[in-house]
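Note sheet for the following structure.
The values are calculated or read from the model by the stated rules, or taken from the named source; none is laboratory data. It should be emphasised that the depicted structure is a prediction, and the values quoted were computed from it without experimental measurement. Reconstructed Cβ throughout: ideal geometry from the backbone, glycine too, with neighbour counts over all protein chains shown. These accessible areas exclude ligands, DNA and RNA; they are computed on the full protein's heavy atoms, side chains included. Shrake-Rupley method; radii C 1.70, N 1.55, O 1.52, S 1.80 Å.
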Amino acid sequence: MDFILTGKNDQREDSAVIIELKHWQTAEVTTKDAIVRTQLGGGVRETNHPSYQAWSYGALIEDYNETVRSESIRLVPCAYLHNMKQGNAINDPFYANHTSRAPVFISPDALKLSRFLSQHIKYGDSSDIMYRIEHGVIKPSKNLADALSSMMQGNAEFLMIDEQKLVYETAVDLAHKASNGKKQCLIVKGGPGTGKSVVAINLLVELTNREMMTQYVSRNSAPREVFKKRLTGTRKKTHIDNLFKGSGSYVSAEPDTFHALIVDEAHRLNEKSGMYQNLGESQIKEIISASRFSIFFIDEGANWPSCVCAMA
């Protein structure tokens, strides 16, 4: 987070205003939820809407900081784009769901921002709010497998932030493009603990709920069996089995059989399929062939065949 202002509101309640600061001068609307396009890193790129960023940081703190919840510290998110003169795109109605939860202010809105801050921070911080947040008791994160059944019912169990949200929305968009046209492939790199599996399972749930034939693929059977066990009793066994597959399941699959194949820990795939790894040419190629859209999650620094990058 860029900036936090703490104090008490007019009701003398402990409050913390989370402010996402941006140097952006312009922004463009996209068709992806909470995603905008702007000048970043020497080029125009897609990134999270500042209001979504600010809100997601606050929601993450509230989800996992037990002190914030138990001591009723009010978290108020907003964003300030101090170099932007025109805010039509950033305040486009398409993003209304996010700007309503975390208002965005641009350069001409300095007085509006001042009034907003005064509304939520009327008195000074006399109770060490910042210290209490920083040293708050952190509740262990939810278990992805335990939350899976609830997610399949359409409940948003895991909040995605920053790159997670961007990858998720990009993947959903590519899955729809692939359903109506050219085959698509996405490779996602991330270090341990960056939430790749969270994104993968969220995609499995979302694309399945959108009636796309989608499977979660992994070489290791352990995570698949855990996920299957958590879903037992909520779905037919055949349906559960069809959601989770081993990486060698596609050696004989017809081209474009599936709408989407989501491959977790793809750097662990075998070169070939079969018990003796003597079937087919390449598990990666088999997966790409079998699906209109394939997404591979790999660890940062993992070796990845150059032929696949060329195909993608």
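Report whether or not Leu186 is out of contact with any helix residue (DSSP H, G or I) (no Cβ under 9 Å at 6 or more places or on another chain) and either of a type in the set (A, V, I, L, M, F, W, C) or without any contact (Cβ under 8 Å) to a residue 24 or more places away in the chain (or both).
On the way: out of contact with any helix residue (DSSP H, G or I) (no Cβ under 9 Å at 6 or more places or on another chain): no; either of a type in the set (A, V, I, L, M, F, W, C) or without any contact (Cβ under 8 Å) to a residue 24 or more places away in the chain (or both): yes.
For Leu186, the condition - out of contact with any helix residue (DSSP H, G or I) (no Cβ under 9 Å at 6 or more places or on another chain) and either of a type in the set (A, V, I, L, M, F, W, C) or without any contact (Cβ under 8 Å) to a residue 24 or more places away in the chain (or both) - is not met.
What are the residues in segment 189-213 that are in contact (Cβ under 8 Å) with a residue 60 or more places away in the chain and within 18 Å of Ala178 (Cβ to Cβ), if any?
Residues satisfying the conditions are Val199, Ala200, Leu203.
Between Gly41, Gly58, which is at pLDDT below 95, surrounded by 17 or more Cβ atoms within 10 Å (Cβ to Cβ) and under 23 Å from the mean Cα position of the chain (by Cα)? Explain how you work it out, then say what you get.
Working: Gly41 fails: surrounded by 17 or more Cβ atoms within 10 Å (Cβ to Cβ).
Of the residues listed, the single one that is at pLDDT below 95, surrounded by 17 or more Cβ atoms within 10 Å (Cβ to Cβ) and under 23 Å from the mean Cα position of the chain (by Cα) is Gly58.
Among the residues that make up segment 152-171, is at least one of them open to solvent by 80 Å² or more (accessible area, probe 1.4 Å), within 16 Å of Leu60 (Cβ to Cβ) and touching a helix residue (DSSP H, G or I) at 6+ places or on another chain (Cβ under 8 Å)?
No, the conditions are met nowhere in segment 152-171.
For segment 98-108, which residues satisfy the criterion of being surrounded by fewer than 19 Cβ atoms within 10 Å (Cβ to Cβ) and free of Cβ contacts under 8 Å to residues at least 40 places away in the same chain?
First, the residues of segment 98-108 that are surrounded by fewer than 19 Cβ atoms within 10 Å (Cβ to Cβ): 100-101, 107-108.
Once the filter is applied, which keeps residues that are surrounded by fewer than 19 Cβ atoms within 10 Å (Cβ to Cβ) and free of Cβ contacts under 8 Å to residues at least 40 places away in the same chain, segment 98-108 yields Ser100, Ser107, Pro108.
Within the set of pairs 6 or more residues apart or between chains, which connect a residue that is part of a loop (DSSP other than H, G, I, E, B) inside segment 132-153 to a residue that is acidic (Asp, Glu) and open to solvent by less than 50 Å² (accessible area, probe 1.4 Å) with Cβ atoms less than 7 Å apart?
Sorted first by the residue in segment 132-153, then by its partner, the pairs are Lys142/Glu157.
Please go through (1) closer than 16 Å to Arg292 by Cβ; (2) modelled with pLDDT of 90 or more; (3) out of contact with any Lys or Arg (no Cβ under 7 Å at 6 or more places or on another chain) for Ser179 and return the number of the only condition it doesn't satisfy.
Exception for Ser179: condition (3).
Exactly one condition in (1) modelled with pLDDT of 85 or more; (2) open to solvent by less than 60 Å² (accessible area, probe 1.4 Å); (3) not β-branched (Val, Ile, Thr) is false for Gly280; which is it?
(1)
Among the candidates Arg74, Arg69, single out the residue that is in contact (Cβ under 8 Å) with a residue 24 or more places away in the chain and farther than 19 Å from Leu21 by Cα.
Unique residue meeting the criteria: Arg74.
Within segment 62-95, work out how many residues are modelled with pLDDT of 95 or more, under 24 Å from Thr38 (Cα atoms) and open to solvent by less than 50 Å² (accessible area, probe 1.4 Å).
The total comes to 10.
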